[in-house]
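Peer 1: Got a structure here, written out as structure tokens. Questions coming.
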Amino acid sequence: MATKIRLRRVGRKGVPLYRIVIADKDAPRDGRFVAAIGTYNPRAEKALDKVTLDADQAKAWLAKGATPTDTVRSILERAGVLAAQKA
């Protein structure tokens, strides 16, 4: 089973809130997922309040071969889980 680390929207209309989840690559955005490893709140005022993440679980899933989406990759880089890639 190929897995992706991606965002799952859970907020109400106009107030987005996302969970960072491990899901099968073919599952719909808000569909079934394997594990939830954190949250992302793009509307938070302080940078520290934007992301809560279980870094150990994220590293474990990356070691198992889960591939993050572009948005989640940038979140993981800011959280220090992934090394920043130079373009």
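The values are calculated or read from the model by the stated rules, or taken from the named source; none is laboratory data. Keep in mind that this is a model prediction, so the values were computed, not measured. All Cβ positions, even for glycine, are placed from backbone atoms using ideal geometry, and neighbour counts span all protein chains on display.
Peer 1: Is the stretch 47-59 home to any residue that is closer than 10 Å to Ile5 by Cα and in contact with a strand residue (DSSP E or B) (Cβ under 7 Å, 6 or more places away or on another chain)? First the steps, then the outcome.
Peer 2: Here is the first cut: in the stretch 47-59, the ones closer than 10 Å to Ile5 by Cα are 58.
Adding the requirement that they be in contact with a strand residue (DSSP E or B) (Cβ under 7 Å, 6 or more places away or on another chain) leaves 58.
Yes, the conditions are met somewhere in the stretch 47-59.
Peer 1: Something else about it: Please determine, by comparing only the residues of the stretch 29-41 that are at pLDDT 90 or above and over 19 Å from Val15 (Cα atoms), which one is surrounded by the most Cβ atoms within 10 Å (Cβ to Cβ). Walk me through how you get there before you give the answer.
Peer 2: Filtering the stretch 29-41 down to residues at pLDDT 90 or above leaves 33-41.
From the residues that got through so far, the ones that are over 19 Å from Val15 (Cα atoms) too are 33-37.
On the way: Phe33: 18, Val34: 14, Ala35: 15, Ala36: 15, Ile37: 24.
Taking the candidates together, the pick is Ile37.
Peer 1: Would you tally the residues in the stretch 24-51 being within 12 Å of the chain's Cα centre (by Cα) and of a type in the set (Gly, Ala, Ser)?
Peer 2: Qualifying residue count, the stretch 24-51: 3.
Peer 1: Which residues, taken from the stretch 42-81, are more than 19 Å from Leu17 (Cα to Cα), surrounded by 10 or more Cβ atoms within 10 Å (Cβ to Cβ) and either among the basic types (Lys, Arg) or in contact with a Ser or Thr (Cβ under 9 Å, 6 or more places away or on another chain) (or both)?
Peer 2: Hits for the stretch 42-81 are Lys59, Trp61, Ala66, Thr67.
Peer 1: Exactly one of (1) in contact (Cβ under 8 Å) with a residue 40 or more places away in the chain; (2) out of contact with any Asp or Glu (no Cβ under 9 Å at 6 or more places or on another chain) is unmet by Asp30. Its number?
Peer 2: Failing condition for Asp30: (1).
Peer 1: Could you please tell me which pairs satisfy a Cβ distance under 6 Å, a separation of 6+ or placement on different chains, a first residue in the stretch 1-17 that is over 14 Å from Val51 (Cβ atoms) and modelled with pLDDT under 95, and a second residue that is outside any loop (DSSP other than H, G, I, E, B) and among the acidic types (Asp, Glu)?
Peer 2: Here the result reads Met1/Asp24, each pair linking the stretch 1-17 to a residue that is outside any loop (DSSP other than H, G, I, E, B) and among the acidic types (Asp, Glu).
Peer 1: Hey, does the stretch 11-21 have a residue that's more than 12 Å from the chain's Cα centre (by Cα), surrounded by 14 or more Cβ atoms within 10 Å (Cβ to Cβ) and at negative phi?
Peer 2: Step one: list which residues in the stretch 11-21 are more than 12 Å from the chain's Cα centre (by Cα), which gives 11-16.
Okay, now just the ones that are also surrounded by 14 or more Cβ atoms within 10 Å (Cβ to Cβ), so 16.
Checking which are at negative phi leaves us with 16.
Scanning the stretch 11-21 turns up at least one residue that is more than 12 Å from the chain's Cα centre (by Cα), surrounded by 14 or more Cβ atoms within 10 Å (Cβ to Cβ) and at negative phi.
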